[in-house]
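Have a look at the structure below, then the notes.
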Amino acid sequence: MRVPPHERLTLPNGVRLLLLPTQEVPLIAFEAVVRGGSRLDPGGREGVAALTAELLTYGAGPRDAYAFADAVEGSGGSLDAEAHREAIIVHGQFLARDRELLLELLSDALLSPHFDASELDKVRERRIESIRAAKDSDPQSLLDTYGRGLLFGEHPFAKPGGGSETSLAAIGREDVLRLYREHFGAERLTLVFAGDFDPQWLAAAVARRFESWGGAGAALPPLAAAARVRGRRVLMIDSPGSGQSYFWIANVGVARGYPLRAALDVTNTAFGGSFGSMLMQALRVRTGLTYSAYSGFRRGSVPGEFAIHSFTQTASTARALDIALGTLTALKRRGAAGEAIASARNYILGQYPLGFETAADWAAALGDLDLYGLAQSYIDEYEPALQRVDAAQVREVTAAAFPDPDDVAIALIGDAAQVRSELAQLGALHETTLAAPAFS
């Protein structure tokens, strides 16, 4: 896989523009990346970036929320916005013949959103109810949020990007307007278009709509790397009567720019990224303690977390945790076997091209490269790097990127009355309840 030919331009006001024309299908996909994201949420107002992002499409320019949605859906297009840790991203696609409408709606959403108070109330309440529903029916979906708060402490990555019941309830329209005024602006924006268009026409059309946009009201704060956990931190999230325990074992990992990315991916696939992985063999195949166990790295401009995820019946909580930690110990001591390395490499080689099949895939990929300051070689040289992964590289990334099992944060949702004493043996134990309206 190699990045197709494309153009890169910068408008006088700082808007970055990436154009990747292709005539394979009559569609134009786009990715608008506004650098900042949920890491900028003020204390006590976590979730304001997520609300701001969603509200971009709930009325903008001359259209109210209904008319905006009708314009998108009536053309058969899509336009959605969401907050990530380091950016707010607006993405979608339209038929090539509707390119004028695409640019009109996108520019309206970014330059003149309404942030209507009544729409804010509805979106906020829907998000609060979604958290409450997850606590009732899908607590595992919240485990990352609890775990990151435990792992990252005062670092911005500790913030619950979607907010909590407490923080969302505190957010008003002025909070949304303040974030928009301070952290939306031309110098924060990268626009990526991929698909069936004339680059010269599109560049001129984008300039007409965006060239008058001013800068953000505040500077983008620097983002430092978080320190890794030393020793163990354990968080028990009490869910009385739960028949299962959901657990998360993590430490700070590596950034997007980690130089041995291919070896890292091969090692993680062998450890916890496929059905034949060490974790799946240990926790499912040989012991039957779980249906699923996996691991992964979340990487940004600075390191996010490496985390192991799994669940088991309450009665087998201690055993499952012991096996998961023991499997991590085995990786750290012995690395991955040669046949596991070969199998993981072949698996990735088969899956990797599937992420670049459409114009939307390429728009997202180019947006990521720009956001994280990565060179085109990040994509172009990945497959050759995979072919070169050997046991020595696996040992190197295992030592540098994967945590020692004695230095981890452990978050667990389950019945505290039944598992508290066992968790207390793993490290300093802190407790909260699943019913509490905050994540700490």
Quiz prompt | Criterion violated by ALA385 - all others in (1) out of contact with any helix residue (DSSP H, G or I) (no Cβ under 6 Å at 6 or more places or on another chain); (2) surrounded by 15 or more Cβ atoms within 10 Å (Cβ to Cβ); (3) of a type in the set (A, V, I, L, M) satisfied | solution = (1)
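Which count do you get for residues in region 105-136 that are without any contact (Cβ under 8 Å) to a residue 40 or more places away in the chain and of a type in the set (A, V, I, L, M, F, W, C)?
From region 105-136, those without any contact (Cβ under 8 Å) to a residue 40 or more places away in the chain are 118, 121-122, 125-126, 129-134, 136; that's our starting set.
Going one step further and asking which of them are of a type in the set (A, V, I, L, M, F, W, C), we end up with 131, 133-134.
Number satisfying all stated conditions: 3.
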Quiz prompt | Given (1) assigned to a strand (DSSP E or B); (2) within 24 Å of the chain's Cα centre (by Cα), number of the condition GLY44 does not satisfy | solution = (1)
Practice problem: Scan region 53-97 for residues that are under 25 Å from LEU179 (Cβ atoms), in a strand (DSSP E or B), under 27 Å from the mean Cα position of the chain (by Cα) and touching a residue at least 24 places away in the same chain (Cβ under 8 Å) and jot them down. | Solution: ALA60, LEU79, ALA81, GLU82, ALA83, ALA87, ILE88, ILE89, VAL90, HIS91, GLY92
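Restricting to region 190-203, name every residue that is over 20 Å from PRO26 (Cα atoms) and more than 30 Å from the chain's Cα centre (by Cα). So that I can check it myself, show each step before the final result.
Taking region 190-203 first, the residues over 20 Å from PRO26 (Cα atoms) are 190.
Hits for region 190-203: nothing passes.
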Self-check item: Complete set of residues in region 90-115 that are in contact with a helix residue (DSSP H, G or I) (Cβ under 7 Å, 6 or more places away or on another chain) and either surrounded by 21 or more Cβ atoms within 10 Å (Cβ to Cβ) or among the acidic types (Asp, Glu) (or both)
Solution: VAL90, GLN93, PHE94, LEU103, LEU105, PRO113
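Only one residue in ALA320, ALA399, ALA324, ALA342 is crowded, with 21+ Cβ neighbours inside 10 Å and within 17 Å of THR269 (Cα to Cα), so which one is that?
Matching residue, one of ALA320, ALA399, ALA324, ALA342: ALA324.
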Exercise. Give me a count of the residues in region 58-85 that are crowded, with 22+ Cβ neighbours inside 10 Å and either of a type outside the set (A, V, I, L, M) or within 25 Å of ASP370 (Cα to Cα) (or both).
Key: 6
Self-check item: Options PHE271, PHE306, PHE247, PHE297; residue that is outside the structural domain of TYR146 (by TED's automatic domain parsing), under 16 Å from ILE413 (Cβ atoms) and in contact (Cβ under 8 Å) with a residue 24 or more places away in the chain
Solution: PHE247
Exercise. Could you tell me whether region 37-58 includes any residue that is over 20 Å from GLY172 (Cβ atoms), among the hydrophobic types (A, V, I, L, M, F, W, C) and in contact with a strand residue (DSSP E or B) (Cβ under 8 Å, 6 or more places away or on another chain)?
Key: no
Self-check item: Tabulated pairs, region 411-440, first at pLDDT below 95 and surrounded by 14 or more Cβ atoms within 10 Å (Cβ to Cβ), second among the small types (Gly, Ala, Ser) and in a strand (DSSP E or B), C-beta under 8 angstrom, 6+ apart or interchain
Solution: none
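Do any helices (runs of 4 or more DSSP H) entirely within region 136-204 hold 1 or more residues that are surrounded by fewer than 17 Cβ atoms within 10 Å (Cβ to Cβ) and either at pLDDT 95 or above or touching a Ser or Thr at 6+ places or on another chain (Cβ under 6 Å) (or both), and if so, which? Walk me through it before giving the result.
Values: elements: 143-152, 165-170, 173-183.
The qualifying helices (runs of 4 or more DSSP H) are 165-170, 173-183.
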Quiz item: Scanning for something at pLDDT 95 or above, buried (at least 23 other Cβ atoms within 10 Å of the Cβ) and in a loop (DSSP other than H, G, I, E, B), does region 269-288 turn up at least one residue?
Solution: yes
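Give region 386-411 a look and list any residue that's hydrophobic (A, V, I, L, M, F, W, C), in a helix (DSSP H, G or I) and within 28 Å of ALA224 (Cβ to Cβ), or say none.
Step one: of region 386-411, the residues hydrophobic (A, V, I, L, M, F, W, C) are 386, 389, 391-392, 394, 397, 399-402, 408-411.
Still in the list and also in a helix (DSSP H, G or I): 386, 391-392, 394, 397, 399-401.
Answer for region 386-411, where residues must be hydrophobic (A, V, I, L, M, F, W, C), in a helix (DSSP H, G or I) and within 28 Å of ALA224 (Cβ to Cβ): VAL397, ALA399, ALA400, ALA401.
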Quiz item: Do you know which residues across region 360-385 are of a type outside the set (A, V, I, L, M) and in a helix (DSSP H, G or I)?
Solution: ASP361, TRP362, GLY367, ASP368, ASP370, SER377, TYR378, ASP380, TYR382, GLU383, PRO384
Quiz item: For region 197-226, how many residues meet the condition of being aliphatic (A, V, I, L, M) and farther than 28 Å from VAL254 by Cα?
Solution: 8
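Name every residue in region 353-382 that is surrounded by 14 or more Cβ atoms within 10 Å (Cβ to Cβ) and touching a helix residue (DSSP H, G or I) at 6+ places or on another chain (Cβ under 7 Å), in order of residue number.
Step one: list which residues in region 353-382 are surrounded by 14 or more Cβ atoms within 10 Å (Cβ to Cβ), which gives 356, 358-372, 374, 378-379, 381-382.
If the condition is that a residue be surrounded by 14 or more Cβ atoms within 10 Å (Cβ to Cβ) and touching a helix residue (DSSP H, G or I) at 6+ places or on another chain (Cβ under 7 Å), then PHE356, ASP361, TRP362, ALA365, LEU369, TYR378, ILE379, TYR382 are the ones that fit.
The values are calculated or read from the model by the stated rules, or taken from the named source; none is laboratory data. Just so we're clear, the structure is a prediction, and the values are computed from it rather than from any experiment. Note: ideal-geometry Cβ built from the backbone for every residue, glycine included; neighbour counts use all protein chains shown.
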